[in-house]
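The next block holds one structure in the form of structure tokens; read it before the comments.
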Amino acid sequence: MKNQAEQSTVDRIVPSTRGPFEAEPPWVRRPHDWRLEWRWRRLFSEFFGTFLLVLVAAGGPVVNGIYPGQVTHVAQVVAPGLMVMAIIYFMGMVSGAHLNPAVTLSFAARGNFPWLRVPGYLVVQVAGAATAAAFLRGLFGDVAHLGATLPGAGTALWKSAIIELVLTLGLVSVILGTASGARNVGANAAIAVGGYIAMSGLWAAPLTGASMNPARSFGPELVSGHWHGWWIYLVGPIAGGLLAVGVAWILRGPPSKAADTAAQGDQQTPQGATS
């Protein structure tokens, strides 16, 4: 039930002639709440984008486990970078294409993203990753631990955590330097972020899997039940992302007012609507 202020606003737009117990005629249209629509679009965008990212990142090792040697190391690390590039192009304007809890937390710590939206983003990112892992398991079974990221043989866990920290420090630095507020949009962000992910995997994947993304690691771990070194992929990326926020302040100072406006998630909505 609308409160008195809301009802007054609505009645000014669409005058009501109904009595207190009369049903509203079906042809009377009330103002649409675009804020609610865009909120759900953002959450679905993050869910779907993270699903696609983990499908490719975890799918490479799974398919290579079924057909050994068919998906090379280079292909396995380049494919996620290309997928992130594509996602930024097709939905960066909707949710910002974070796809990564470490990125969302870093945008919020930078002051570019509302903290109230952070829990929703984190939940749908993890849900998208777990859904991708469940999809792979349903099709192929528990092959290659469903592409879970694992420390390399002979690599100490603390070293793996430091590597993930440094890799994510670089990734979030690239993102903060090319994003528009809290949104990864345009060719600069797509090419820079996708290229960095591929480059990191080319040299660091044998050491840690080059995850840089707690959701990407947690999804396959949750579905496969393989939790070896799980904390590496939580502590390392989050710490690296927060350090990148400090680097951004050193390099560029506080975010600009224009960036603040874009960062609050103001998408292009129909004329006269607010998001």
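Looking for whichever is over 29 Å from P254 (Cα atoms) and in a helix (DSSP H, G or I) here; the options are L167, L146, L150. Which one fits?
L146
Among the listed residues V71, V94, V126, V77, identify the single one that is more than 13 Å from the chain's Cα centre (by Cα), open to solvent by 10 Å² or more (accessible area, probe 1.4 Å) and closer than 27 Å to V245 by Cβ.
Values: V71 fails: closer than 27 Å to V245 by Cβ; V94 fails: more than 13 Å from the chain's Cα centre (by Cα); V126 fails: more than 13 Å from the chain's Cα centre (by Cα).
After applying the criteria, what remains is V77.
Cβ-Cβ distance below 8 Å, separation of 6 or more or different chains: which pairs start in the range 179-193 with a residue that is basic (K, R) and end on one that is open to solvent by 20 Å² or more (accessible area, probe 1.4 Å)?
Listed by first residue and then by second, the contacts come to R183/M93.
Are there any pairs, at least 6 apart or on different chains, whose C-beta atoms fall under 6 Å, with the first in the range 209-231 and acidic (D, E) and the second assigned to a loop (DSSP other than H, G, I, E, B) and surrounded by 23 or more Cβ atoms within 10 Å (Cβ to Cβ), and if so, which?
Listed by first residue and then by second, the contacts come to E221/A148.
So K159 ticks every box in (1) under 23 Å from V56 (Cα atoms); (2) of a type in the set (D, E, K, R); (3) open to solvent by 30 Å² or more (accessible area, probe 1.4 Å) but one. Which box is left unticked?
(1)
For the range 66-94, which positions are over 25 Å from R137 (Cβ atoms) and either without any contact (Cβ under 8 Å) to a residue 60 or more places away in the chain or outside any helix (DSSP H, G or I) (or both)?
Within the range 66-94, F90, M91 meet the criteria.
Restricting attention to the range 176-232, which residues are in contact with a Gly (Cβ under 6 Å, 6 or more places away or on another chain), open to solvent by less than 10 Å² (accessible area, probe 1.4 Å) and assigned to a loop (DSSP other than H, G, I, E, B)?
Correct list: A182, N184.
Mind telling me which of the residues E46, E37, E22 ends up being acidic (D, E), modelled with pLDDT under 95 and touching a Ser or Thr at 6+ places or on another chain (Cβ under 9 Å)?
Matching residue, one of E46, E37, E22: E37.
The values are calculated or read from the model by the stated rules, or taken from the named source; none is laboratory data. Since we're looking at a predicted model, the values are computed, not measured. When we count neighbours, we look across all protein chains shown, and the Cβ atoms used for this are built from the backbone with ideal geometry, even at glycine. These area figures cover heavy atoms from the full protein model, side chains too; ligands, DNA and RNA do not enter into them. Shrake-Rupley method; radii C 1.70, N 1.55, O 1.52, S 1.80 Å.
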